[in-house]
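Colleague: Before anything else, here's the structure in question.
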Amino acid sequence: MIDVTAADEIADDARARSNVARLAAAQALTGANSAVIFATGSIVGATLAPDISFATVPLSMYVVGLAAGTLPTGAISRAYGRRTAFIIGTGCGMLTGLLGAYAILRGSFVLFCVATFLGGLYGAVSQSYRFAAADGASVAFRPKAVSWVMAGGVFAGVLGPQLVQWTMDIWPPYLFAFSFLMQAVVALVAMAVLAGVDAPKPAPADMHGGRPLLEIARQPRFIAAALCGIVSYPMMNLVMTSAPLAMQMCGLSVSDSNFGIQWHIVAMYGPSFFTGSLIARFGAPKIVAFGLVLEAVAAAIGLSGLTAMHFWATLIVLGVGWNLSFVGASALVLETHRPQERNKVQAFNDFLVFGMMAVGSFASGQLLANYGWSTVNMVVFPPVLLGLAVLMFASFARRRARQAVTEFPDPSI
């Protein structure tokens, strides 16, 4: 029986590895969508918006799209399979590029915001890539599967900003219009890659059953995982969203901004080559905690100066901190649900993360315009401290539960 179980796990991991390769490639291609939007959104917004304080609204609309797309992504995946959700997402990505280019050509701020909202829907679907990689994989392989898919974002960190750099001046005087057109082409390539993912429609038995969502969400482990995700991603987004415009306001060039965003994205996803191994060795809570501390360090660097090097160092350290905290929090989420509960729990977790991120994103433009870059960085510290405190409480509660039931501990606690 043990041998049969081991053989099944080996077969499942072989299937998961095949999916991981495609999902990592899709992560690289899909990441170009967010890279183009974040490298250009606030600059285009400042050009098209009626007031400079609205410059980051297109980026906020992207985040609203992220939040709005999470629950539908989970529902579609549950009813029709993940691959269907992936294809719909890449379709939104193509529309993002086409409408974004048209909005810049027409000088329409509203249309540009609609385009970035569609980009957020595309991004919401791409957030499920990391969970899709873990479907059917053994417990030991799941953190590595999540981590390796996230590693595909390294190539997005190169592809997206370079796409902007190479194409931003092709249609003068319409800066970045051709960049968005090329982003639509990249989304089409991602659609072709994702069409080959082995993600069949869920079995009828998996469509029903499982615990109520409220019961799952009340677990200390889930609360810690969701809250740390809520802290790590929105705080990273707050600083990243403001950085390009802050650099422009400090007299730095678009090339300086593109360089900073490029290496920020590389730093966001580069550690994924070994984050899974770190989680397996030290445990997810310790990796999450270290990542949150690095986000606070990044904010401290941002407070220390306004040169290009300060901005670049802030963005790079911020990216590494986000990777460790967010991948670790994602691994914690995988520990809180059963197979038939995965779509609703994962979608709910992402809804919480990106819903809060949307609120913070709208605030970033006002913070930067009215209070400056220093205030943007200072806002990071209180949420990080809260995340660390809740993480410590959840770890303490888990140890107490294991002590109380030493022989057969409940893995969902």
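Colleague: Just checking, does the stretch 374-386 include any residue being out of contact with any Pro (no Cβ under 8 Å at 6 or more places or on another chain), farther than 30 Å from Glu215 by Cα and at pLDDT below 85?
Modeller: Looking through the stretch 374-386, none of the residues is out of contact with any Pro (no Cβ under 8 Å at 6 or more places or on another chain), farther than 30 Å from Glu215 by Cα and at pLDDT below 85.
Colleague: Another question, if that's okay. With respect to Ala284, is the statement that it is in contact with a helix residue (DSSP H, G or I) (Cβ under 9 Å, 6 or more places away or on another chain), closer than 28 Å to Val333 by Cβ and open to solvent by less than 10 Å² (accessible area, probe 1.4 Å) true?
Modeller: Judged against the criteria, Ala284 is a match.
Colleague: Condition first: open to solvent by 10 Å² or more (accessible area, probe 1.4 Å) and without any contact (Cβ under 8 Å) to a residue 40 or more places away in the chain. Can you find one or more residues in the stretch 250-264 that meet it?
Modeller: yes
Listed here are the residues, each with its yes/no results for (1) aliphatic (A, V, I, L, M); (2) closer than 24 Å to Val345 by Cβ; (3) in contact with a His (Cβ under 6 Å, 6 or more places away or on another chain).
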{"site": "Ala225", "(1), (2), (3)": "yes, yes, no"}
{"site": "Ala267", "(1), (2), (3)": "yes, no, no"}
{"site": "Gly283", "(1), (2), (3)": "no, yes, no"}
{"site": "Lys286", "(1), (2), (3)": "no, yes, no"}
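Colleague: Of all the helices (runs of 4 or more DSSP H) wholly in the stretch 31-134, which have at least 3 residues that are open to solvent by 10 Å² or more (accessible area, probe 1.4 Å)?
Modeller: 57-80, 82-106, 109-127
Colleague: Which residues, taken from the stretch 308-363, are under 28 Å from Met61 (Cβ atoms) and among the hydroxyl-bearing types (Ser, Thr, Tyr)?
Modeller: Listed by number, the residues that qualify are Thr314, Ser325, Ser330, Ser361.
Colleague: Follow-up question, since we're still on this one. Any chance the stretch 111-118 includes a residue that's over 24 Å from Leu95 (Cβ atoms) and more than 23 Å from the chain's Cα centre (by Cα)? Give the derivation first.
Modeller: Filtering the stretch 111-118 down to residues over 24 Å from Leu95 (Cβ atoms) leaves none.
Checked the stretch 111-118: no residue is over 24 Å from Leu95 (Cβ atoms) and more than 23 Å from the chain's Cα centre (by Cα).
Colleague: Note down all Cβ pairs under 8 Å where the first residue falls in the stretch 290-310 and is without any contact (Cβ under 8 Å) to a residue 40 or more places away in the chain, the second is not in a helix (DSSP H, G or I), and they're at least six residues apart or on different chains.
Modeller: Pairs found: His310/Ser304.
Colleague: Further question on the same structure: Restricting to the stretch 333-371, name every residue that is assigned to a helix (DSSP H, G or I), over 27 Å from Trp263 (Cα atoms) and over 15 Å from the mean Cα position of the chain (by Cα).
Modeller: Leu334, Pro339, Gln340, Glu341, Arg342, Asn343, Lys344, Val345, Asn370 - these are the residues of the stretch 333-371 that are assigned to a helix (DSSP H, G or I), over 27 Å from Trp263 (Cα atoms) and over 15 Å from the mean Cα position of the chain (by Cα).
Colleague: List the pairs whose first member sits in the stretch 170-197 and is in contact (Cβ under 8 Å) with a residue 40 or more places away in the chain, whose second member is open to solvent by 40 Å² or more (accessible area, probe 1.4 Å) and of a type in the set (Lys, Arg), and whose Cβ atoms are under 7 Å apart, counting only residues at least 6 apart or on separate chains?
Modeller: Val193/Arg22; Leu194/Arg22; Leu194/Arg83; Gly196/Arg22; Val197/Arg22; Val197/Arg83
Colleague: Pull up the stretch 135-152, narrow it to residues that are under 15 Å from Val333 (Cβ atoms) and in contact with a Gly (Cβ under 6 Å, 6 or more places away or on another chain), then point me to the one that is most open to solvent (accessible area, probe 1.4 Å). Even if it seems obvious, please write down each step before you answer.
Modeller: Applying the first criterion (under 15 Å from Val333 (Cβ atoms)) to the stretch 135-152 yields 135, 137, 139, 142-143, 145-147, 149-150.
Pick out the ones that are also in contact with a Gly (Cβ under 6 Å, 6 or more places away or on another chain) and you get 143, 147.
On the way: Pro143: 26, Ser147: 1 Å².
Filtering the stretch 135-152 for residues that are under 15 Å from Val333 (Cβ atoms) and in contact with a Gly (Cβ under 6 Å, 6 or more places away or on another chain), the one most open to solvent (accessible area, probe 1.4 Å) comes out as Pro143.
Colleague: Can you report the number of residues in the stretch 287-323 which are open to solvent by 10 Å² or more (accessible area, probe 1.4 Å) and within 18 Å of Ala226 (Cβ to Cβ)?
Modeller: 2
Colleague: Regarding Gln340, is this residue modelled with pLDDT under 85, out of contact with any Leu (no Cβ under 7 Å at 6 or more places or on another chain) and crowded, with 23+ Cβ neighbours inside 10 Å?
Modeller: When the stated conditions are applied, Gln340 does not pass them.
Colleague: State whether one or more residues within the stretch 14-27 are aliphatic (A, V, I, L, M), at negative phi, at pLDDT 85 or above and outside any helix (DSSP H, G or I).
Modeller: No, the stretch 14-27 contains no residue that is aliphatic (A, V, I, L, M), at negative phi, at pLDDT 85 or above and outside any helix (DSSP H, G or I).
Colleague: Tell me whether the stretch 299-317 contains one or more residues that are more than 26 Å from Ser255 (Cα to Cα) and among the small types (Gly, Ala, Ser).
Modeller: Checked against the condition, which is being more than 26 Å from Ser255 (Cα to Cα) and among the small types (Gly, Ala, Ser), the stretch 299-317 yields no hits at all.
Colleague: Still on this structure, I have one more. If Val384 passes every condition in (1) touching an Asp or Glu at 6+ places or on another chain (Cβ under 9 Å); (2) surrounded by fewer than 21 Cβ atoms within 10 Å (Cβ to Cβ) but one, which one does it miss?
Modeller: Here Val384 clears every test but (2).
Colleague: For the stretch 153-175, does any single residue satisfy the condition of being under 22 Å from Ala329 (Cα atoms), surrounded by fewer than 22 Cβ atoms within 10 Å (Cβ to Cβ) and among the polar types (S, T, N, Q)?
Modeller: No, because not a single residue in the stretch 153-175 is under 22 Å from Ala329 (Cα atoms), surrounded by fewer than 22 Cβ atoms within 10 Å (Cβ to Cβ) and among the polar types (S, T, N, Q).
The values are calculated or read from the model by the stated rules, or taken from the named source; none is laboratory data. Everything quoted here is computed from the prediction, not taken from an experiment. Positions of Cβ are backbone-derived with ideal geometry, glycine not excepted, and every protein chain shown enters the neighbour counts. All accessible areas refer to the heavy atoms of the entire protein, side chains included, with ligands and DNA or RNA removed. Shrake-Rupley method; radii C 1.70, N 1.55, O 1.52, S 1.80 Å.
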